[in-house]
Number of protein chains: 2
Amino acid sequence: MRPLSHPAREDISLTAVLYALSDTYRLEIVRQLASRGELNCSALDIPAAKSTLSHHFKVLRESGLIYSRSEGREHYNSLRRDDLDARFPGLLAAVIQSSEPAFTPALLTEKPSAQG
Amino acid sequence: MRPLSHPAREDISLTAVLYALSDTYRLEIVRQLASRGELNCSALDIPAAKSTLSHHFKVLRESGLIYSRSEGREHYNSLRRDDLDARFPGLLAAVIQSSEPAFTPALLTEKPSAQG
DNA sequence: TTGATTGTTCGATAGTTTTTGAACTGTTGT
DNA sequence: ACAACAGTTCAAAAACTATCGAACAATCAA
C-alpha cells in the first residue's frame with residue numbers, strides 16, 4: 001500500500017480539524033482513541049462497512065487528528081495529542097469532555113457480565 | 001419575516017456546533033462576534049453576497065452558536081456564550097483562541113488612517 | 001406613496017461528502 | 001502456492017452544501 005500521508009504540525013488547519021470532528025462516526029473514533037489508546041480499525045465498536053471506516057480514518061488522518069502507523073497488515077491509529085495541544089491548546093480536551101458515546105455505550109463502559 | 005428559530009440550550013448538539021465552526025466564513029463571523037460584541041450582517045467585514053451571509057448566519061443560529069434578535073429592520077447577532085460554556089466548557093474559548101483572522105485583518109485591528 | 005435599507009427565502013448550479021460493494025495490495029500462516 | 005485477513009482504493013449513487021442573483025417582506029425616511 002502507498003505510504004499514508006500526515007500533515008506536519010504547522011500545517012494542521014483548525015477548520016479541517018473541526019470539520020473532521022463534526023461527524024458522529026469520526027468523533028466516536030476519536031473518543032475511543034482517547035480512552036483506549038492506539039487502536040486498529042477492527043478494534044472499534046462502530047457499525048459501518050470497512051470502506052466507510054477507512055474513509056473516516058482518512059479524513060481524520062489528513063486533518064491531522066490521528067497518526068496511523070503500519071505494523072504487518074494492521075494500521076495502528078493514535079491521537080496526535082501533542083501536535084493538537086501545541087496548535088490548539090485546550091481544544092481536544094474540551095471536545096472529548098463534551099462528547100458522549102455514539103454507539104452501544106454499554107459495551108464501552110461496562111464490564112462483560114454473565115448476560116453479556 | 002418569520003420568527004427566527006433557536007435551539008434550547010439542552011438541544012445544542014456538539015457535532016452541529018463543530019460543523020458550524022468548520023467553515024471559514026462562519027468561524028470569522030464567530031470571531032468578530034467574540035471580539036466586537038453584538039453585530040448585524042452589514043457590520044461584518046466579510047466578502048460575500050448577502051444571501052450567502054444570511055445562509056451562514058442561519059447555520060450558526062440553528063446550531064445554537066448565535067442568538068439573533070430583530071430590532072427594526074436589523075438583526076443583531078450575538079454569541080450564546082453562556083449556553084455554550086454550560087454545554088461544552090472551554091470549547092468556544094479554545095476555538096476562538098486558536099483561530100486567526102480570515103479576511104482583511106488590517107481593517108479589523110487598525111484604526112483608520114489618512115490613507116484608509 | 002415612493003424609495004432606500006436590512007435581511008430572508010427561492011431556485012438554480014456546481015461541487016462536495018457519505019456510503020457501500022467490489023476489486024485490489026500486502027501480510028500472515030499453513 | 002494457497003487461503004484468510006487488514007485495510008485501501010475505485011466507482012457509483014444519493015444526499016448534502018455553498019454560492020449567487022432575483023424576488024420578497026418589513027422597516028424607516030423623505
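Computed over neighbours whose Cβ is under 13 Å from that of A:S35, the net charge equals -1, Lys and Arg +1, Asp and Glu -1.
Taking all Cα-Cα distances within segment A:11-102, those exceeding 23 Å account for 15%. When the helices of chain A are scored as -39500 (n - 2.57) per DSSP H run of n ≥ 4 and the total is divided over every residue, the value at 222 nm lands at -13500 deg cm²/dmol. Amide H contacts under 5 Å for A:I12: none, restricted to partners 5 or more places along the chain or on a different chain, H placed in the peptide plane at 1.01 Å from N.
Interface between chains A and B: roughly 1300 Å² of accessible area buried, both sides summed (probe 1.4 Å, protein heavy atoms only). Axis angle, to the nearest 10 degrees, between helix A:50-63 and the longest C-alpha principal axis of chain A: 40 degrees.
Each other residue within a Cβ distance under 11 Å of A:R80 adds +1 if Lys or Arg and -1 if Asp or Glu, for a net charge of +1. Relative contact order for chain B: what percent, with Cα pairs under 8 Å and sequence separation of 6 or more? Relative contact order for chain B comes out at 32 percent.
Taking every DSSP beta bridge that has both ends in the protein assembly as shown, the antiparallel portion is near 100%. The residues of the protein assembly as shown have, on average, 58 Å² of accessible surface per residue, using a 1.4 Å probe with all protein chains present. Taking the 0 to 90 degree range and rounding to the nearest ten, how far is the long axis of helix B:24-36 tilted relative to the main principal axis of chain B, both from C-alpha atoms? Its long axis makes an angle of about 80 degrees.
Cα convex hull, the protein assembly as shown: 175 Å³ per residue, rounded to a whole number.
Couplings for segment A:89-98, taken from phi via the Karplus curve 6.51 cos²θ - 1.76 cosθ + 1.60 with θ = phi - 60°, read x, x, 5, 4, 4, 5, 5, 5, 5, 7 Hz in order; Gly and Pro are left as x. Inter-chain neighbour count for B:16-23: the average number of beta-carbon atoms from partner chains within 10 Å of each residue's beta-carbon is 6.
Between B:T24, B:L44, B:L92, the Cα set farthest toward the positive side of the dipole of segment B:11-102 (charges on each charged residue's Cβ, about the Cα centre) is that of B:L44.
The values are calculated or read from the model by the stated rules, or taken from the named source; none is laboratory data. Keep in mind the model is a prediction, meaning the values are calculated, not measured. No Cβ is skipped: glycine too gets one built from the backbone with ideal geometry, and neighbour counts run over all protein chains shown. We work out accessible area using only protein heavy atoms, side chains counted, and drop any ligands, DNA or RNA first. Shrake-Rupley method; radii C 1.70, N 1.55, O 1.52, S 1.80 Å.
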